[in-house]
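Below is one structure; the comments refer to it alone.
The values are calculated or read from the model by the stated rules, or taken from the named source; none is laboratory data. Values in this document were obtained by computation on a predicted structure and should not be read as measured data. Reconstructed Cβ throughout: ideal geometry from the backbone, glycine too, with neighbour counts over all protein chains shown. Protein only, heavy atoms only, side chains kept; ligands, DNA and RNA dropped before computing areas. Shrake-Rupley method; radii C 1.70, N 1.55, O 1.52, S 1.80 Å.
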Amino acid sequence: MSREANPRSESRLDAIREEATRTGHVAGSGLAASASPTPSSSPAAGYYGLPLLKAPVWTWEVPLYFFAGGVSGASTAIALAARIAGRAPDLELAALWIALIAALICPVLLIADLGRPSRFLNMLRVFKRQSPMSVGAWTLAGFTGVVIVAVVADEAMRAGLAPAFTGGVTWAAEILGAALGLVLLSYTAVLLGVTAIPVWSENRRLLPTHFVASGIGSASALLELFGFLVPATQMVGFIVSAWETLVGASIELRARAVDEPLRRGRSGWAARAGGTLAGPVALLLRIFEGSSPGGRELAAACFLAGALITRYAWLWAGRASSANPRALFDLQRQ
Amino acid sequence: MSVSAFLTDPTLCIGCKACEVACKEWNGLPQDGLEWSGFSYDNTRRLGASTWRHVLFLEQPRALGPQIAAAEDPFRWVFLSDVCKHCENAGCLDACPTGAIVRTEFDSVFVQPDVCNGCGYCVVSCPFGVIDRRPDDGRAFKCTFCYDRQKAGLVPACAKTCPTESIKFGTIEEMEQRAEARVAELRERGYSDAHAYNAADTSVGRTHALFILLGEPEAYNFPPAPDAPAVHLRSAWTMALVSAAVGFLILCLAFLR
């Protein structure tokens, strides 16, 4: 570095000295060091634009759990509906098996996400109505037990083991399993909705409808991929894809500032891609190619992929939302 | 047992960060990185799992109270030591599924480190963005309100070390009265934007950390109208159960048709 004086700076210093001598005061805002923005803390910028809220610490296991729990819970509801109708015993048993396998994956994902996995049993240390996570943990525990009973009893009944008794147990286990399954399917929306994260909290009424439609649609799509191309799964496919189309359209058309993470950035692209696959793409495939098995299977695969992607989109949207204090200020100043 | 509270006053704070140091030392907290933020003299930046007191440094183009120098080009430097609010309706406490987060006899909110399993639900449930999970440890941590010291009849470490009594500690009634009196005094002396930050009128309820602020709470990263997330429990659960019931009805219709 040269130690020679910079003539521009020198003349500026002379000018400051002259002004100070003459007026006893120097006007002007001073010099900003190059490449360093003058930091300012203001109501508009917040505290230097730093996040007010903490970002969700949940990792990739949690959205996958939301997906698996949704499939599992919805499958028991499908099994019970099939049993009430009494027309699709094979589909009913397949749905129970899907519910069981998905339910057994859930705790693995949840435990892996804990900061202290060895303390997973603390989840069942107390029951707290005001904590959706506590309600969810107990629901999952009870649900898994009931689904095991349902699968064992249904298989035993089909094998002809004390059919009167095992048939009765199957009915009871399926009714209880569907009740708990519907809670398992929908509580994850409450889990997100009842937080301080603006994009989740402000969608607490939309999220349950989305998660329920997405879970039921995924379970139904999975059954279709396992070969159950019955009219019922086609009708379910139509309805859930139509609903997912409406959910996506409402997020886009309402264009709320708080929903920006669902429209911009990585989370926005994931939300749009997932919503499009599960919504319009699956719906159009069913409308135009629904008569062919290949078309229905493709629609089912699109729906499953879309449902999985949107679960990740909601977690990523939560992270983006937590990092934006501006959106929170605007909401709270309304 | 007395129900205690902090009152933190930025007009007395000199930005020395003794409270941050005292908190770290007394509670044996690990350091959380030595990085230059470029934001005034604040390299701490935020409260976190290992930072339970945080001195904010606000640089604003405004006059400080009765300041008369540089009237055409005002500038002020405001310091404030932030801390967990210890809410009456605490989001973290409601969210905690293990019962690790409890209410103490001092009415503060305390995380029991031997119970917490690091589920992370408290992190997204705090409307003030205070509690966080320590990555290398896996558990959630925040200000304990020096539960150990209060148990022994001592003042919390931060309040004890504050050299200017910017951090006051006493019963909640006393602190609320002192906040009001101090705001009145400051306004009389020309600090026209001085006010008490108190969430008592919101769903969060009374907090055990009161603050006097100069100007809007947003500039301090304080939520202007915080909500305890639990107030939405009823509407969220209603919507969830109604959606699930409608979903089941549709399934029954599809299979019975």
* Structure fact -> B:VAL204: passes all of (1) part of a helix (DSSP H, G or I); (2) among the hydrophobic types (A, V, I, L, M, F, W, C); (3) over 18 Å from B:ARG53 (Cα atoms); (4) under 19 Å from the mean Cα position of the chain (by Cα) but (1)
* To do: Could you tell me whether A:VAL108 is free of Cβ contacts under 8 Å to residues at least 60 places away in the same chain, closer than 25 Å to B:VAL115 by Cα and β-branched (Val, Ile, Thr)?
  => yes
* Determine which member of the set B:PHE75, B:PHE39 is crowded, with 19+ Cβ neighbours inside 10 Å and modelled with pLDDT under 90. => B:PHE39
* Could you count how many residues in region A:179-209 are open to solvent by less than 10 Å² (accessible area, probe 1.4 Å), more than 7 Å from chain B (Cβ to nearest Cβ) and assigned to a helix (DSSP H, G or I)? -> 9
* From the list A:LEU284, A:LEU304, A:LEU262, A:LEU253, pick out the single residue that is away from every other protein chain (no Cβ under 14 Å), within 22 Å of B:CYS252 (Cα to Cα) and modelled with pLDDT of 95 or more. => A:LEU304
* Taking interchain pairs and intrachain pairs at least six residues apart, which have beta carbon atoms under 9 angstrom, with the first residue in region A:275-294 and part of a loop (DSSP other than H, G, I, E, B) and the second polar (S, T, N, Q)? -> A:GLY290/A:GLN234
* Which of the residues belonging to region B:143-181 are surrounded by fewer than 14 Cβ atoms within 10 Å (Cβ to Cβ) and either among the small types (Gly, Ala, Ser) or on the phi > 0 side of the Ramachandran plot (or both)? -> B:ALA152, B:GLY153, B:GLU165, B:ALA181
* To do: Output yes when any residue across region A:225-235 is among the polar types (S, T, N, Q), open to solvent by less than 10 Å² (accessible area, probe 1.4 Å), at the interface with chain B (Cβ under 10 Å from one of its Cβ atoms) and not in a helix (DSSP H, G or I), and no when none is.
  => no
* Asked: Do the conditions hold for B:TRP26, that is, is it out of contact with any helix residue (DSSP H, G or I) (no Cβ under 6 Å at 6 or more places or on another chain) and aromatic (Phe, Trp, Tyr)?
  -> no
* Could you please let me know if A:PHE238 is open to solvent by 50 Å² or more (accessible area, probe 1.4 Å), more than 30 Å from A:ALA196 (Cα to Cα) and touching a residue at least 40 places away in the same chain (Cβ under 8 Å)? => yes
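So that you can scan it fast, the table gives a plain yes or no per residue for (1) over 16 Å from B:SER125 (Cα atoms); (2) open to solvent by 10 Å² or more (accessible area, probe 1.4 Å); (3) at pLDDT 95 or above; (4) assigned to a helix (DSSP H, G or I):
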| residue | (1), (2), (3), (4) |
| --- | --- |
| B:VAL183 | yes, yes, yes, yes |
| B:SER192 | yes, yes, no, no |
| B:ALA196 | yes, yes, yes, no |
| B:ALA200 | yes, yes, no, yes |
| B:LEU213 | yes, no, yes, no |
| B:PRO223 | no, no, yes, no |
| B:PRO226 | no, no, yes, no |
| B:LEU233 | no, yes, yes, yes |
